[in-house]
Amino acid sequence: MLNLNEPTEENLSYIINELSKDLQVLNPSIMDPDNFSLEDYQDIKDLYDMVKSKDQISVPEINAILVELKKYRKN
């Protein structure tokens with residue numbers, strides 16, 4: 001079992017991949033774990049925790065979360 005409180009590359013990849021599935025991202029390249037930095041781990045994990053706490057996510061919420069995640073992508 002992963003301890004997602006630990007900011008590791010493995011955990012970051014797991015979180016990004018799970019978010020990609022939960023948000024039904026059609027273009028997986030925008031959710032490539034390599035495009036995200038461990039420096040932003042806690043912020044990304046907070047988004048992950050919020051997504052996992054919801055039974056369902058509306059389209060506007062999905063769009064807002066994706067906009068938020070885009071802020072954490074490396075250029």
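The values are calculated or read from the model by the stated rules, or taken from the named source; none is laboratory data. Given the structure is predicted, the values throughout are model-derived calculations rather than measurements. Cβ coordinates were reconstructed from backbone atoms using ideal geometry, including for glycine residues, and neighbour counts include every protein chain displayed. To get the accessible areas, we keep the full protein, side chains included, count just its heavy atoms, and leave off ligands, DNA and RNA. Shrake-Rupley method; radii C 1.70, N 1.55, O 1.52, S 1.80 Å.
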Exercise. Working carefully through the options SER20, SER53, find the one that is open to solvent by 40 Å² or more (accessible area, probe 1.4 Å) and not acidic (Asp, Glu).
Key: SER53
Self-check item: Residue that is farthest from the chain's Cα centre (by Cα) [pool: residues in the stretch 23-42 that are open to solvent by 70 Å² or more (accessible area, probe 1.4 Å) and of a type in the set (Asp, Glu)]
Solution: GLU39
Self-check item: Residue identified as within 21 Å of ASN75 (Cα to Cα) and modelled with pLDDT under 95 among ASN27, ASN17
Solution: ASN27
Practice problem: Count, please, the residues in the stretch 56-73 that happen to be farther than 10 Å from LEU23 by Cα, surrounded by 10 or more Cβ atoms within 10 Å (Cβ to Cβ) and hydrophobic (A, V, I, L, M, F, W, C). | Solution: 2
Exercise. Write out, first by first residue and then by second, each pair whose Cβ atoms fall under 8 Å of each other, whose residues are 6+ apart or on separate chains, and whose first residue, in the stretch 1-17, is open to solvent by 80 Å² or more (accessible area, probe 1.4 Å) while the second is assigned to a loop (DSSP other than H, G, I, E, B) and hydrophobic (A, V, I, L, M, F, W, C).
Key: GLU10/LEU2; TYR14/LEU2; TYR14/LEU4
